[in-house]
1. Give me the residue from the range 35-62 that is surrounded by fewer than 19 Cβ atoms within 10 Å (Cβ to Cβ) and on the phi > 0 side of the Ramachandran plot and, out of that set, modelled with the lowest pLDDT.
2. Condition test on Ala31, is it among the small types (Gly, Ala, Ser), modelled with pLDDT of 95 or more and under 14 Å from the mean Cα position of the chain (by Cα)?
3. Restricting attention to the range 83-96, report how many residues are at pLDDT 95 or above and not in a strand (DSSP E or B).
4. Just the residues that are of a type in the set (D, E, K, R) and surrounded by fewer than 20 Cβ atoms within 10 Å (Cβ to Cβ), please, taken from the range 186-220.
5. Being farther than 13 Å from Arg171 by Cα, within 16 Å of the chain's Cα centre (by Cα) and in a helix (DSSP H, G or I) is the filter here, so list the residues in the range 107-127 that pass it.
6. For the range 40-70, which residues satisfy the criterion of being assigned to a strand (DSSP E or B), among the small types (Gly, Ala, Ser) and either over 19 Å from Asn7 (Cβ atoms) or touching a Lys or Arg at 6+ places or on another chain (Cβ under 9 Å) (or both)?
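The values are calculated or read from the model by the stated rules, or taken from the named source; none is laboratory data. Remember, predicted model here, so these are calculated numbers, not experimental data. Cβ coordinates were reconstructed from backbone atoms using ideal geometry, including for glycine residues, and neighbour counts include every protein chain displayed.
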Amino acid sequence: MTAITWNVNSLTVRLPDVLALLDDARPDVLALQETKIPDDRFPYEAFTERGWHAYACGQRTYNGVAVITKEPARVVHRGAPPGLDDDQARLLVVEQQGMWWASVYAPNGQAPGTDKYAYKLRWFAAFADWMRQAFPPRAALLGDFNVAPTDRDVHDPKRWEGKILCSPPERDAFRRLCEAGELVDAVRAVEPEAPMFTWWDYRLRAFARGWGLRIDHVLVRGLEPVAAEVLVAYRTKERPSDHAPLKVVLKEA
């Protein structure tokens, strides 16, 4: 099966590119982040008229996640990890034949030492607790986790040392989430050394300079990663997202 995750940074702006991606790649599951659309304005018909099933958890201006599937699914959870008092639209989980697919948009955290940074760490901890207690044997988390797990995932580790997305507490929180869910990093399972960057800051011509980070991930359990590819061409389009789609191929473990 094929799964793709993409932080579109506004589905309103990027909808034509999303539909083109579905036509080109025909994934079994597409997870979207930063849709920035409330549920009553989500373009469900744009997907359903093409034969897709669309599920959304959104809000105006910020955040927002969605899952697009070939086959029907059932919504299991939406909003925030259980146990966290939060109304931000950052998490949507759907179920198909006992397997859970989650579209994840983790908090950015702003900067170490800030309230938003502390909230990010609490968010990861709550998610890890939920993974440990409730997730089924087969599951996949797809999304923008706003963490580059190791220095291999950063274009210039020295420049980013201790900064947001790369600080040790964030990396520890990401690692604990993976351990709690017995999750495999699909990209590193098949591409242990390649940079596989997925995000390039709009500023400073970061994409042209190759100044990227790998902060979008597919984390799986009960599935075996077979292949992974960053669809970089979507970062070169007119008015692109600052993220490129990440595509993985999975099979039953």
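1. In this case the residue turns out to be Thr61.
2. Working: among the small types (Gly, Ala, Ser): yes; modelled with pLDDT of 95 or more: yes; under 14 Å from the mean Cα position of the chain (by Cα): yes.
Here the answer is yes, as Ala31 does meet what is asked.
3. The first filter runs over the range 83-96 and keeps only residues at pLDDT 95 or above, leaving 88-96.
Okay, now just the ones that are also not in a strand (DSSP E or B), so 88-90.
Summing the residues that are at pLDDT 95 or above and not in a strand (DSSP E or B) in the range 83-96 gives 3.
4. From the range 186-220, those of a type in the set (D, E, K, R) are 188, 191, 193, 201, 203, 205, 209, 214, 216; that's our starting set.
Listed by number, the residues that qualify are Arg188, Glu191, Glu193, Asp201, Arg203, Arg205, Arg209.
5. Selection gives Trp123, Phe127.
6. Within the range 40-70, the first condition is being assigned to a strand (DSSP E or B), and the residues that meet it are 53-57, 65-69.
Subset that is among the small types (Gly, Ala, Ser): 54, 56, 66.
Correct list: Ala56 only.
Listed here are the residues, each with its yes/no results for (1) out of contact with any Lys or Arg (no Cβ under 9 Å at 6 or more places or on another chain); (2) of a type in the set (Gly, Ala, Ser).
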{"position": "Ala106", "(1), (2)": "no, yes"}
{"position": "Gly109", "(1), (2)": "no, yes"}
{"position": "Pro112", "(1), (2)": "no, no"}
{"position": "Tyr117", "(1), (2)": "yes, no"}
{"position": "Arg138", "(1), (2)": "no, no"}
{"position": "Val147", "(1), (2)": "no, no"}
{"position": "Thr150", "(1), (2)": "no, no"}
{"position": "Asp156", "(1), (2)": "yes, no"}
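Residue by residue, here is whether (1) more than 25 Å from Val230 (Cβ to Cβ); (2) touching a Ser or Thr at 6+ places or on another chain (Cβ under 8 Å) holds:
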position: Asp87; (1), (2): yes, no
position: Leu92; (1), (2): no, yes
position: Ala106; (1), (2): no, no
position: Ala111; (1), (2): yes, no
position: Ala125; (1), (2): yes, no
position: Gln133; (1), (2): yes, no
position: Asp144; (1), (2): no, yes
position: Arg152; (1), (2): no, no
